[in-house]
Amino acid sequence: MVAALLIIWSGVVIFWYWYHRRHLVKLGSLIPGPVGYPLIGNGLTFWGKPEEVFRRLREIFTMYTRLVAIWLGPKLHIALFDANDAEVVMRSKAVEKAEEYKYLKPWLGESLLISTGSKFRLNKKLIMPSFHVNNLKRFLDVFNDHSLVLVESLREKVGEAEFDIQPHLSTCTINVLLETVMGINKETLGDQAPKYSQYVQKLARLAHMRVYKFWLRPDIIFRFSKIKKEQDKYIKIVHGLTEKVIKERKKRYESRIQDDQVDEKWTVFMDSLLRAKDENGVGLTDEDIKAEVMTMMFAGQDTTSTTVGFSLSLLGIYQDIQDKVVEELDKVLGNSNKPITFEDMQNLQYLEQVVQETLRLYPPVPLVAKKPVADIQLDNYTIPANCTVGIMIMGIQRDPKQFPNPMRFNPDNFLPEKIKARHPYSFIPFSAGTRMCVGSKYATMLIKVILAMILRSYRVHATRREREFKLAGQMVLKRCDGFPVSLQLKSDTTSTSSIS
């Protein structure tokens, strides 16, 4: 009797599962994609080291010009490579953040990166003023100071063989973030500063592993995994440090309010969050502040340093383009070592084009994921509800319909007339629409200052061509081979050809 009931119950569960998925499976089968295996779908594609997985995915994506369907076990993922399709999905009111982002929640909480609905709208409204251009101008002194420290630290590498510049860039970036986001410095943290950076990177790696190792997605399995224990360990450390800083900063801020000593001329990101209030006087909770601070530290660290690394690698390969950058730096900044001002930033137009072209070819976040809550029509295809849609930023930005000779590093792609002629969603390195990264201007300014400081002092060379880059698309696009460059000290003259 019990056996019969179990069989009936199992049959009901299977029928219910099939009945509720039949629409998704039907529409998914109409979208082109590689043939999968029963139960695991295309899951074997994601077996191996991150660089191997990324290489296989790129091979698959080159076979499809517009969109492709990939099954990870029973989960349907649809990747889009067309700017028109990306705009339809990203502007649709029938999409939410993809379910995969929930794997970041134990670490990043209900931050702007993860939250949805009214929570997202309220927090964004409160947080956006923190990134007003007047606040960013105040950060320029910090950007300059730490970039100068970076330049000095690189002096010992002058004349040596190629070395990986990534650790130097990461140190600079984390120190800038600690000071501008949390109001602390490496002296305050001591030996915890580099550890904090390492733990953030490890948490990002663990979250990525759970996404592409689809068998770890169910909580009941993940709960007993080694990765879960490792994740809990790092979260405890990072959260503990962040909570301590918030508590101290809040106490200091409230004390200054009582003494009427709040300095409006200097405020860090955390201070802006502490005093943010809506029209009803309601502000962010400590948990909200912790989530946003953690997200800013995570989003700003690797994305900034890797973009600088890719930029230096490309300029080291294409010496003629480096010449143009240095010529502009000499013209705008002169031969002095004066700090870079906001006005200088506005005048460094060619450097801006170089940064944008780097972001086009090597976007720090190669894709963003969405979940349709209703079917979405794309001309001849229908995206079914409850799948995961990957907006393939890297693929869209290498579309020959939008960028002639798309694999060529060409900063002239971002001349004003060429930008105007392209689809508005053909260049979306910081996403687009309501979900666009709120820190994009902050990141771009910091990238430009670091590059300008380095290129004022050194000539950069790189022997590895782009085809030799070993890319891995984890939470952030990386080079597994690092960013090997060599440096030569520039002479005291303004001539770009005179290298000592």
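Dimensions of the chain along the principal axes, based on C-alpha atoms and rounded to the nearest Å, stand at 90, 60, 41, largest first. Of the trypsin sites (Lys or Arg not before Pro) found in region 83-153, the ones in coil according to DSSP and having at most 13 other Cβ atoms within 10 Å of their Cβ are 93.
For region 326-396, the Stokes-Einstein estimate of translational diffusion at 37 °C and a viscosity of 0.692 mPa s comes to 208 µm²/s, using the Kirkwood hydrodynamic radius over alpha-carbon pairs. For residue 470, the residues 5 or more places off, or on other chains, whose built amide H falls under 5 Å of its own are 480, 481. Going toward the positive end of the dipole of region 104-159, with +1 on Lys and Arg Cβ and -1 on Asp and Glu Cβ, which of 108, 148, 136 do you reach last? Of the listed residues, the answer is 108. Only one residue of 438, 168, 201 has its Cα farthest out toward the positive end of the dipole of the chain, where Lys and Arg carry +1 and Asp and Glu -1 on Cβ, and that residue is 201.
In region 269-308, Rg over Rh equals 1.14, where Rg is the alpha-carbon radius of gyration and Rh the Kirkwood radius from pairwise Cα distances. Once you order the gyration tensor axes a ≥ b ≥ c over the Cα atoms, which shape class does region 408-452 get: rounded for a/c under 1.5, otherwise prolate or oblate by comparing a/b with b/c? Because a/c hits 1.5 or more and a/b fails to exceed b/c, region 408-452 counts as oblate. Note on the chain: helix-only mean residue ellipticity at 222 nm, from DSSP H runs of 4+ residues weighted -39500 (n - 2.57) and normalised by residue number, equals -17000 deg cm²/dmol. Its alpha carbons give region 364-407 an Rg and a Dmax of 13.0, 37 Å. Averaging the sequence gap over all C-alpha pairs within less than 8 Å and six or more residues apart, then dividing by the number of residues, gives region 269-373 a relative contact order of 28 percent. Potential lengthening of the chain between residue 222 and residue 349 amounts to 40.9 nm, from the contour at 0.36 nm per residue minus the alpha-carbon distance.
Once the Cα atoms are used to define both axes, helix 166-177 deviates from the longest principal axis of the chain by about 90 degrees. Note: relative contact order over the chain, using C-alpha pairs below 8 Å and six or more positions apart, is 24 percent. The modelled label-to-label distance for the pair residue 335/residue 436, using points 7 Å beyond Cα in the direction of Cβ, is 4.1 nm.
The stretch between residue 243 and residue 99, if pulled fully straight at 0.36 nm per residue, gains 49.1 nm over its current Cα-Cα span. Simple point charges give the picture: +1 on the Cβ of Lys and Arg, -1 on the Cβ of Asp and Glu, and for the chain a dipole about the Cα centre of about 1720 debye.
Bear in mind that the values in this text are calculations on the coordinates, not laboratory data. No experiment lies behind these values; they were computed from the predicted model shown. With ideal geometry, Cβ positions are generated from the backbone for all residues, glycine too; neighbour counts draw on all protein chains shown.
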